[in-house]
Amino acid sequence: MLTTAMLLLVLVLLLLYLGCQKPKGYPPGPRWWPVLGCALEIARIRQETGYLFKTCSALCKKYGPVVGLKIGQDRIVVLNDMESIRAMLTNEDCDGRPTGPFYKARTWGVRLGLIVVDDRLWVEQRRFVLRHLREFGFGRTSMVTIIEDEALKLVEHFKKLLQNGYNYEMADVRKMTTINNNNNIGQIYKLQKDPKNKLNRLKLYDEFNVIKDRIFDRKPRTVADLYMKAEDYAEVRKVSQSAGMIIPMHDAFGVTVLNTLWRMMAGRRYDTGDKELTHLQQILTKLLKEIDIIGAPFSHFPLLRFIAPEWSGYKAFVETHQELWAFLKEELYNHKNTFLSDAPRDLMDVYLTVLNSRDCSDTFSESQLLAICVDLFIAGSETTSKALGFGFLNLILYPQVQKKAHEEIDRVIGRDRFPTLADKPRMPYVQAIVLESIRVFVGRTLNVPHRALKDTSIVGHKIPKDTMLVVNYNRILMDESWDDPEDFRPERFLDNDGNIITPEKYFPFGIGRHRCMGEVLARSNIFIIIATLLQTFSFSVVPGEPRPTTQDFVDGVTAGPKPYRALVSLRI
């Protein structure tokens, strides 16, 4: 018995020792400890820097452009310069996706979807989705029509907020912002007119459900809250010939962006009265703040799923995906009861037709269809909307940029018609704003991780099979080579003749086989929404309030601007 115990102890110690040893030729990085790897060092640096991408950049400065890590059970290599990033993205041996608990829990233990799968499943499903989305407009004229239509609906919604019928006689803006500067971030103040033109009653709404003890007469939240419903949240307006209203801009675009994809995917659009969609976007936003693109504690240390499900993030991760899947299952149920195989209305109908056919590939299933919907739902309401959030944040901080955009829009389009994608070639400055908005967003993120399919090498470093490979876009999109990387300067994408130029290191949508399939849709969405809103409105810092900052933002799966507000007024 004692001999057996001693042998087990020796075996455990040997395994712990081997777990601390880096593979020969592995990239340099922090020291590895038993079980933890270098998790404590990463946590320490992240606490100092505040953000994961800054942690990766700090490691780059210490160890070089290719950094080798181990967090729990995961070997992770972070790539920080163009040479190593290009080498990885164009290496077929690096075309896999991670396989750990984090990437399986989202689809109930089986790898499904489009974003974090590989091999034959990824090849067949990606080809199918792209081919049939095109049939319903993706990348074609009908997609353009959808994008332009959704942008116009957003403009119409903003106009409703600014109609004279909603105008109350307002207290002085500075007076109100004095009330509003008590660190009550996210609270919305409603003003009601009384005979003495004084503030009659103050209603506080906690937009993020944090300060519950200050909420009065609270109403159920709807998607309208994303756009600021004027009759409920009229608060501070500029008293001038042009009506103005203060609107939260950091999350003003989620529904619009989602609709452009969902109309092709599921044949429907959401309006400002869909309470369930509001709830889903709220919980998704919360979840995506609490995890990273490289995983969560429960993925690096799988045992935590069972001994600390709440602390490790596993419980919230699963519950959020259960709600999202339930929402999408209802949509699938409606399609199954109404679709006609000879008259498909959208991608979901086409997929169901294939499932009912005799020669259906084993990569097709209802679960796979739902996983595709989950991936597109998250991607459609996460990345593009955040790029727009960063874009408009910088437009209010750099009014000279907004002025140049107004001038180009007036010169090329005028005010008699709305912008279209056909105007894009004649609007290089607005195009440059789009490129710069994407740069400052993606430049604060990491890519969707790759996985080494077999032992390989990257710029002289040996990469063992199943190592996670991560691109730190900050080191190519916001490094010192841009001269003033933190400044919002669209001119960096224009030559002396005013033509668009893009540096070699500008590839925010990736390169290689895993290049983002939604690139065209994302660029088109951002261009049309920016051009259409700037044609009609001016956006400025709220008078009397502290200027929002681009240096402090929300970390998570992708970076996002912290909640900020803009004074929005009709252009005269």
Report task. Identify, from the list GLY544, GLY498, GLY518, the residue that is over 22 Å from LEU59 (Cα atoms) and within 23 Å of the chain's Cα centre (by Cα). Result -> GLY518
Query - Filter result for GLY313 (at positive phi and either surrounded by fewer than 17 Cβ atoms within 10 Å (Cβ to Cβ) or at pLDDT 85 or above (or both)) - result: yes
Report task. Please list, ordered by first then second residue, the pairs with beta carbon atoms under 7 Å, 6 or more apart or interchain, first in the range 26-48 and under 17 Å from GLN73 (Cα atoms), second at pLDDT below 90 and exposed (fewer than 13 other Cβ atoms within 10 Å of the Cβ). Result -> PRO34/LEU16
Query - Given (1) over 19 Å from PRO30 (Cβ atoms); (2) open to solvent by 50 Å² or more (accessible area, probe 1.4 Å), index of the condition ILE85 fails - result: (2)
Report summary line: the range 338-417: helices (runs of 4 or more DSSP H) wholly inside it with 2 or more residues that are modelled with pLDDT of 95 or more, within 26 Å of VAL434 (Cα to Cα) and open to solvent by less than 50 Å² (accessible area, probe 1.4 Å) are 366-397, 399-412
Query raised in the report: Looking at LEU204, is it at pLDDT below 85, part of a helix (DSSP H, G or I) and either buried (at least 16 other Cβ atoms within 10 Å of the Cβ) or out of contact with any Gly (no Cβ under 6 Å at 6 or more places or on another chain) (or both)?
Result: no
Report summary line: Scanning the range 530-547 residue by residue, those surrounded by fewer than 21 Cβ atoms within 10 Å (Cβ to Cβ) and farther than 17 Å from PHE253 by Cα turn out to be SER540, VAL541, PRO543, GLY544, GLU545, PRO546, ARG547
Report summary line: GLN73 meets each of (1) touching a helix residue (DSSP H, G or I) at 6+ places or on another chain (Cβ under 8 Å); (2) within 21 Å of GLY556 (Cβ to Cβ) with one exception, condition (2)
Query raised in the report: Does any residue of the range 556-570 turn out to be of a type in the set (Phe, Trp, Tyr) and closer than 20 Å to MET427 by Cα?
Result: no
Report summary line: Selection from the range 390-426 of residues under 12 Å from ILE530 (Cβ atoms), in contact with a strand residue (DSSP E or B) (Cβ under 9 Å, 6 or more places away or on another chain) and not aliphatic (A, V, I, L, M) yields PHE390, PHE392, GLN402, HIS406
Query raised in the report: Within the bounds of the range 128-140, is there any residue that is modelled with pLDDT under 85 and under 18 Å from GLU366 (Cβ atoms)?
Result: yes
Requested in this report: Pull up the range 497-520, narrow it to residues that are aliphatic (A, V, I, L, M) and assigned to a loop (DSSP other than H, G, I, E, B), then point me to the one that is surrounded by the fewest Cβ atoms within 10 Å (Cβ to Cβ).
Outcome: ILE511
**Report entry** Members of the range 109-137 found to be closer than 27 Å to GLN322 by Cβ, touching a residue at least 60 places away in the same chain (Cβ under 8 Å) and either in a loop (DSSP other than H, G, I, E, B) or touching a His at 6+ places or on another chain (Cβ under 9 Å) (or both), listed by number
**Finding:** VAL110, LEU112, GLY113, LEU114, ILE115, VAL116, ASP118
Query raised in the report: What number goes with the only condition from (1) under 21 Å from the mean Cα position of the chain (by Cα); (2) assigned to a strand (DSSP E or B) that ILE76 does not pass?
Result: (1)
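Yes or no: ARG523 in a helix (DSSP H, G or I) and surrounded by 15 or more Cβ atoms within 10 Å (Cβ to Cβ)?
Taking the combined requirement at face value, the residue satisfies it.
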Report summary line: Apart from one, (1) open to solvent by less than 10 Å² (accessible area, probe 1.4 Å); (2) farther than 26 Å from ALA39 by Cα; (3) touching an Asp or Glu at 6+ places or on another chain (Cβ under 7 Å) all hold for ASP118; the odd one out is (1)
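Got a sec? Which of THR278, THR320 is hydroxyl-bearing (Ser, Thr, Tyr), in contact with a helix residue (DSSP H, G or I) (Cβ under 9 Å, 6 or more places away or on another chain), in contact (Cβ under 8 Å) with a residue 24 or more places away in the chain and over 29 Å from ILE42 (Cα atoms)? So that I can check it myself, show each step before the final result.
Working: THR320 fails: over 29 Å from ILE42 (Cα atoms).
Answer to the selection: THR278.
The values are calculated or read from the model by the stated rules, or taken from the named source; none is laboratory data. Predicted model only: the values in this text are computed from it and were never measured. Every residue, glycine among them, receives a Cβ derived from its backbone with ideal geometry; neighbour counts consider all protein chains shown. Each accessible area value is taken on the protein alone, full model and side chains, heavy atoms only, with ligands, DNA and RNA left out. Shrake-Rupley method; radii C 1.70, N 1.55, O 1.52, S 1.80 Å.
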